[in-house]
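Coordinate-derived values only; no laboratory data. Every value quoted in this text rests on a predicted model; they were computed, and no experiment measured them. Because the Cβ atoms are built from the backbone with ideal geometry, glycine has one as well, and the counts that use them run over all protein chains shown.
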Amino acid sequence: MCADWARCGIGGVPEGPYEVFTDLLHATARPEQLTADLGVSWAVMDGYAKIHACCQHAHSAVEATQELRATLLAQGSLPSVAKVLVETHAGAMMLTNYRPATTLATKFSVPHIIAATLVTGHAGVEEFTHSAMHNPDIERMRDMVEMKLYEPKLIPPNDRPARVTAVLHSGQTVAAECLSARGGPDRPFPEAVIWRKIVDLAEPAYPNFRPVFESIIALEEARLTSSWSDIISALGCVETPQMA
């Protein structure tokens with residue numbers, strides 16, 4: 001309806017957003033924040049890059065689990081894990097699906113994410129496929145995961161922490177902690193890591209992806225004056241078999 005009204009010349013009143021947020025939602029207006037650090041601080045720099053193929057709420061737990069796994073492997077005690085305690089923030093505490101029924105559900109299941117990372121050492125695309133969902137070792141490890149709220153509550157950028165503790169059959173415990181996952185402005189990835197992630201995802205379908213996009217990023221005149229169809233052609237698209 002808003003689109004129809006706009007075509008008819010009907011628009012919102014200038015004070016609309018203020019009234020919605022203050023009168024209806026009871027927020028406090030701080031208009032000075034609209035111009036704070038204007039021209040100095042850029043919102044685009046406050047984004048984050050995801051290197052793991054799962055919900056970002058679990059990324060700190062993934063990093064802690066990878067560190068934990070390395071320690072367990074060095075001790076030769078990975079097969080002796082009896083329980084895995086995951087202490088994490090409130091957002092991740094909602095991701096408690098122990099029996100994900102779809103590959104998408106595995107990406108939002110902390111028990112699966114942690115189990116897959118412990119078994120394989122990674123939380124990439126392959127760890128959230130149909131085969132990974134039904135991997136007996138991952139299924140067994142999922143049942144060992146116990147979740148608990150991380151305390152005390154921390155402030156940004158450490159507001160999504162995780163501590164992962166492996167309890168061995170002997171009773172010994174081994175733990176690792178990550179207060180803030182990599183990829184945000186406080187712990188940015190090196191450019192090479194970002195490129196590796198992009199290329200790994202793109203090259204199976206577009207073999208020439210990297211050189212083409214490097215030339216675009218470099219603002220090469222030949223690319224900037226190329227049509228979009230020419231750029232797509234230059235990527236060298238690999239045709240996938242058509243389904244019957």
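Data for the structure
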read-out	value
Highest-MSF residue in the chain out of Pro157, Pro17, Pro188 [GNM, Cα springs under 10 Å]	Pro17
Hz values of 3J(HN,Hα) by residue in the range 127-135 - Karplus curve (6.51, -1.76, 1.60), Gly and Pro given as x	7, 10, 8, 4, 5, 5, 4, 10, 5
Diffusion constant of the range 56-178 at 20 °C, which comes from Stokes-Einstein with the Kirkwood Cα-pair radius and 1.002 mPa s, µm²/s	152 µm²/s
Residue-count net charge about Val86 - beta-carbon cut-off 10 Å; Lys, Arg +1, Asp, Glu -1	0
Where labels lie 7 Å past Cα in the beta-carbon direction, separation of Asp230 and Glu146 in nm	6.4 nm
Gain upon complete extension [Lys50, Glu221; 0.36 nm per residue less C-alpha separation]	58.5 nm
At most 15 other Cβ within 10 Å, DSSP loop - GluC sites (Glu not before Pro), the range 189-235	Glu220
DSSP loop trypsin sites (Lys or Arg not before Pro) with at most 15 other Cβ within 10 Å excluded, longest remaining stretch of the chain	51-152
